[in-house]
1. Compute the angle between helix 266-277 and the longest alpha-carbon principal axis of the chain, please, reported from 0 to 90 degrees and rounded to the nearest 10.
2. Give the percent of DSSP beta bridges with both residues in the chain that are antiparallel, rounded to the nearest 5.
3. How far is helix 148-159 tilted off the main Cα axis of the chain, in degrees rounded to 10, range 0 to 90?
4. Find the eigenvalues of the gyration tensor of the Cα atoms of region 187-321, then list the square roots of 5 times those eigenvalues as equivalent ellipsoid semi-axes, largest first, in whole angstrom.
5. Which distance in nm do the two modelled labels at Gln16 and Val33 give, with both placed 7 Å along the Cα-to-Cβ direction?
6. How much net charge surrounds Tyr82 when only other residues with a Cβ under 11 Å from its Cβ are counted (Lys, Arg +1; Asp, Glu -1)?
7. For the modelled label position 7 Å from the Cα of Asn103 along Cα-to-Cβ, which residues of region 117-152 have backbone nitrogen atoms closer than 20 Å?
8. In Å², what does the accessible area per residue of the chain work out to with a 1.4 Å probe?
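The values are calculated or read from the model by the stated rules, or taken from the named source; none is laboratory data. These numbers come from a predicted model, not from an experiment. Every residue, glycine among them, receives a Cβ derived from its backbone with ideal geometry; neighbour counts consider all protein chains shown. Note: areas computed on protein heavy atoms with side chains; ligands, DNA, RNA excluded. Shrake-Rupley method; radii C 1.70, N 1.55, O 1.52, S 1.80 Å.
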Amino acid sequence: MNLFTAINEGMRTAMQTDPTAITFGEDVAFGGVFRCSVGLREEFGADRVFNTPLCEQGIAGFGIGYAAMGGTAIAEIQFADYIFPAFDQLVNEAAKFRYRSGNQWNCGGLTVRTPCGAVGHGGHYHSQSPEAYFTHTPGLKVVMPRGPVDAKGLLLASIRSPDPVIFMEPKVLYRAAVEDVPDEDYEIELGKGEIMRQGTDVTVVGWGGQLRVLEKACDLAEQNGISCELIDLKTLAPWDVEIVTESVMKTGKLVVSHEAPLTGGFAAEISSTIQEECFLSLEAPVQRVCGADTPFPLVFEKYYVPDDLKNFEAIKKVMNY
């Protein structure tokens, strides 16, 4: 099963087990531009799987209202680049409902799915990774899977979470990532990272589609006698501080990588936390390998993205410090 079919299976499972669950968004009724909702309208009907107008703030607002009334809302924003018109609804409404009402009401049943990241030809408006905007917002959870098994389990956990979730799907993986995904209903705990490979020399941290790049970088390092411990955070808000600090205490070195621009990116939060928690264990400055501080380019995408060679250079830099 590839990633988009795992997402489809996760939504199908959620809708089979929860009669209040609905999914909606632009072109969702016919299966969506990435085919993530294909077949759901035929199975669950037009009242539970339907299109919306081209209005992201309306999609978010409808989802908040439906969730506030006790329903389970699975909203789709067609591209993460289009989520910004919905920013006020998500940051000032969804994230604050429970807090401002003293838990008298909430919209924890809201999950917002959105494809993100570079795909090779997306240009300015179909390539961005805006996860850091939402990790800055208390009251929202932010999740990004690296493959089909995680996608289904994390999506089900997000849909059933008591808090609203921004579920970001690396679109480059929709058909590129293939894994044996369990047929049964299962969840992967939010807020818990995973050590993808054990190592002793350098801790390397990433999430989502960047893990494919980091695996290649770690392979290059291994060919040069460097043992990397590779960690997938899976959830960015809340992120698993313990798994990273324990690894850095062991290796003394940290490289963090993401596609989003360097300045204000989530790697900065990780770097700052590790500086505070592991200062006496660090043997080299923390390295951030990220996108450039420019709008996402079309022709120059290959120079913009933090590829395996850039990450390998960062790994060598901390080793040679």
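1. 60 degrees
2. 15 percent
3. That works out to roughly 50 degrees.
4. 21, 18, 15
5. Distance between the two pseudo-spin positions: 3.0 nm.
6. -4
7. Residues passing the 20 Å test: 138-141.
8. 42 Å²
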